[in-house]
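Below is one structure, written out as structure tokens, with a few remarks after it.
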Amino acid sequence: MSDSTTLRQSSLIGLGVFLIVAAFVASSALYTVHQTNQAIVLQFGALKRVVQEPGLHIKIPFIQNVRYFESRVLNLDPPVQSLLLADQRRVRVDVFVRYRINDPAQFVRVAISEDNLGQTLGAIVNEQVRAVLGGIDLRQILSEERADLTANIRERVNQVTKQESSNFGIDVLDVRIRRADLSEEVSQAVYSRMRAERERDAAEFRAQGREQYQVITSNADREATIILAEAQRDAQNLRGEGDAKRTRILNEAYGRDAEFFSFYRSLEAYRTSLAGNTPAQFVLPPDGDFFQFLEELPSSLERAR
């Protein structure tokens, strides 16, 4: 193999090594900031600059390193705490927080990391929750005042986190009360009291219903008595008028033919007395007035022929 060939191969190997080293150095010098992130550039642990614009950026390789932070809204769930309200009711309050890192440099200096911030910010939020809710009662938490209470808590948390001595470089956007539950003992007591109140209301409603029932029944009975009395009065009047008319008709008939009228009355008495399936028995003298037409009936029928 000639010297020129060996030199050419060495040059190619050197060029390849150089390209690999250059690519490695270039990759170490370039970094990308996503649109949902922001970054800080550190040089031997010291802050050099803050990068909040998305895109491709350059740093000094091997000397500078990059830390990324979220630019989106972050959530924090502090531990559930038990506190005493102004009405001496103990409740378990569960809140959640939404915040955004607006100053990554200050965030790194004070909070250092999101885990450290979670512990510190959670304690601050719970402290402000106790300060605000400790002066109110349960009714206010469950009413429309709840929004004002959470706004007050948020403002107080922002005041603490933005103090000059403890500025975390964040902006607390929202604090919400997820749940505010009574303790088991208080819940049972409240339930018992509510049950007693409902039972008292039910007893009062039943008493009012019975009273209304008595009033309605009395009115109905009175109206029924009046209607029945009026109906009986009208019936007596009509019956009297009918009896008078009947008597008048009978008198007129009796006046026209007294013998026929007497005969008719006797036939009515026979029909009434002899009606039924069982034989009729009479204890009367046979020559009495009751049987006079029975004795005369054959001769009367014969004459009628």
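The values are calculated or read from the model by the stated rules, or taken from the named source; none is laboratory data. Here the structure is a predicted model, which means the values were calculated and not measured. Here the Cβ positions follow ideal geometry from the backbone for every residue, glycine too, while neighbour counts run over all protein chains shown.
Quick notes on this one:
- Residue, surrounded by the fewest Cβ atoms within 10 Å (Cβ to Cβ), within segment 77-91, restricted to residues that are in a loop (DSSP other than H, G, I, E, B) and not β-branched (V, I, T): Q88
- Test result for G134, assigned by TED's automatic domain parsing to the domain that holds R109, at positive phi and not basic (K, R): no
- Inspection of segment 68-76 finds no residue satisfying the criterion of being part of a strand (DSSP E or B), closer than 18 Å to D171 by Cβ and of a type in the set (S, T, Y).
- Residue check, V110 modelled with pLDDT of 90 or more and not assigned by TED's automatic domain parsing to the domain that holds K48: no
The rows are residues; the columns are (1) surrounded by fewer than 16 Cβ atoms within 10 Å (Cβ to Cβ); (2) assigned by TED's automatic domain parsing to the domain that holds T36; (3) polar (S, T, N, Q).
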| site | (1), (2), (3) |
| --- | --- |
| V93 | no, no, no |
| F96 | yes, no, no |
| R100 | yes, no, no |
| D103 | no, no, no |
| L117 | no, no, no |
| G122 | no, no, no |
| S143 | yes, no, yes |
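- Selection of first residues in segment 26-46 that are in contact (Cβ under 8 Å) with a residue 24 or more places away in the chain and of second residues that are small (G, A, S) and part of a loop (DSSP other than H, G, I, E, B), restricted to Cβ pairs under 7 Å at least 6 apart or on distinct chains, gives the following pairs, ordered by first then second residue: T36/S71; N37/S71; Q38/S71.
- When segment 36-49 is filtered for residues that are over 16 Å from S113 (Cα atoms) and not basic (K, R), the ones remaining, listed by number, are T36, Q43, F44.
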